[in-house]
Amino acid sequence: MTDLSSPVRPVRLAPADLLGLGLLGIRTRKLRATLSALGISIGIATMIVVTGIPASSHNALMAELSALGTNMLRAEPIPDGQSPVPLPEHSIGMVRRIGPVTMVSAVANTHAVVRRSDRIAPNDYSGLTVLAAKHDLLGAVGGGVASGRFFSRADERFPTAVLGSRAATRLGLGEVAPGRAAPQIYVNERWFTVIGVLDPVALAPDLDQTVLVGWPAARELLRFDGHPTVIYVRARESKLEDVRGVLAATVLPELPGQVTVSRPSDALAAKRATQNSYSSLFLGLAGVALLVGGIGVANTMFISVLERRREIGLRRALGASRGQIRGQFLIESVALSGLGGLAGTLLGVLVTVGYATYQGWPPVVPLGSVAGGCFGALVVGVTAGVYPSVRASRLPPTEALSAT
């Protein structure tokens, strides 16, 4: 026989059953659930958009400022009458050993004379400077090739030349086109084949009026002594001033006062001033939108409790515990916020990427905003569902069943 004096124990619900009960309100009230989730999704999307679009714009601005040579320095001997102090041949390697330095290249005056052809009188030269150049020069000065190519490790050993933009015009040469015979120029009674023409070099405009030949070829064919004239240095921006402070002593330890080092570009100061350009107003708007969405979810859950009082009373009369009732409504609240958070994250990412692409910026979606948005949606869901779920669990079965 059943012992009627023993307390009635509520039926334990499996997690899957409790989850099904929590999602019941969403499945049966789809329009209301959609509108509630929409409030959360708008808040999350706003948070991602108002951080992603400024981040994309900021990234594009940083790239433009970096193109102005914010991390480049230039070291060269101070002119002393007609014979400046020559820089040591090993100075390039010494500069490369400075920790924050990321790239080093150099050019050197060969004192050679260039003419368009051997038919031009020796005293009728073009007035262009012939420089020996390292194969990595373009990376150091941010230059580009208008036509043809720059020196490779193989080209720099042969009688080949690359012309600056103005030098090409002065020598009467246009572009170096593939499939056509490469033009030649006459340098110190030797023919050099022109393999490329440079675009104007904004960071080193003096290169526009020069004829560049490979460093090994200049030593072998033009009797170049190997002493660099100008050393171009790229370093980490955060350590640029430190590198500048030791560069002269590294290049010429015996006479550092005979070396002039360029000061950092003014663009570096502008770049540093814009490092933290995010607008707190936009972040505040995103927070307000998220708060409004949370209030919408809380309101929906509170109304849901009032509308489903008879259901709550019936379940309580059939043995459902208060914990099960709380869990049902809390799961529904978290599910609403979670769905809104996922939809808002997807919408925010699509809007950010689309707008950045339209503006020609590199798209940037801050992972912190995405993670914060999803986490914020869950927090909103839990917070908004606590009071309605507790209220639902405290309804006496008799009061709930008698509700109309």
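The values are calculated or read from the model by the stated rules, or taken from the named source; none is laboratory data. These figures come from a predicted structure and were not determined experimentally. Here the Cβ is made from the backbone with ideal geometry for all residues, glycine too, and neighbour counts use every protein chain on show.
Could you identify the single residue in Ala16, Ala33 that is at pLDDT 65 or above, part of a helix (DSSP H, G or I) and either within 32 Å of the chain's Cα centre (by Cα) or farther than 30 Å from Pro366 by Cβ (or both)?
One residue alone meets the criteria, Ala16.
Which of the residues that make up the range 132-175 are within 21 Å of Ala202 (Cβ to Cβ) and among the β-branched types (Val, Ile, Thr)?
Result: Val141, Val145, Val162, Thr169.
Scan the range 136-167 residue by residue and report those that are part of a loop (DSSP other than H, G, I, E, B) and either buried (at least 18 other Cβ atoms within 10 Å of the Cβ) or touching a strand residue (DSSP E or B) at 6+ places or on another chain (Cβ under 6 Å) (or both). So that I can check it myself, show each step before the final result.
From the range 136-167, those part of a loop (DSSP other than H, G, I, E, B) are 136, 142-144, 149-154, 158-159, 164; that's our starting set.
Passing the criteria: Asp136, Gly143, Arg149, Phe150, Phe151, Pro159, Gly164.
For residues that are at pLDDT below 75, of a type in the set (S, T, N, Q) and crowded, with 18+ Cβ neighbours inside 10 Å, tally how many sit in the range 58-74.
Number satisfying all stated conditions: 1.
Which numbered condition trips up Val176, out of (1) farther than 19 Å from Leu137 by Cα; (2) of a type in the set (Val, Ile, Thr); (3) in contact with a Ser or Thr (Cβ under 7 Å, 6 or more places away or on another chain); (4) part of a strand (DSSP E or B)?
Failed condition: (4).
Can you confirm whether Gly172 is farther than 18 Å from Leu222 by Cα and either within 39 Å of the chain's Cα centre (by Cα) or of a type in the set (A, V, I, L, M) (or both)?
On the way: farther than 18 Å from Leu222 by Cα: yes; either within 39 Å of the chain's Cα centre (by Cα) or of a type in the set (A, V, I, L, M) (or both): no.
So Gly172 does not fit the description; no.
Return the residue satisfying two criteria in turn: it lies in the range 179-190 and is assigned to a loop (DSSP other than H, G, I, E, B) and of a type in the set (A, V, I, L, M, F, W, C), and of such residues it is nearest to the chain's Cα centre (by Cα).
Ala182
Mind listing whichever residues of the range 209-242 are surrounded by fewer than 17 Cβ atoms within 10 Å (Cβ to Cβ) and part of a loop (DSSP other than H, G, I, E, B)?
Scanning the range 209-242 gives Arg223, Asp225, Gly226, His227, Arg236.
Looking only at the range 349-371, which residues are assigned to a helix (DSSP H, G or I), surrounded by fewer than 18 Cβ atoms within 10 Å (Cβ to Cβ) and not polar (S, T, N, Q)?
Correct list: Leu350, Val351, Val353, Gly354, Tyr355, Tyr358, Leu367, Gly368, Ala371.
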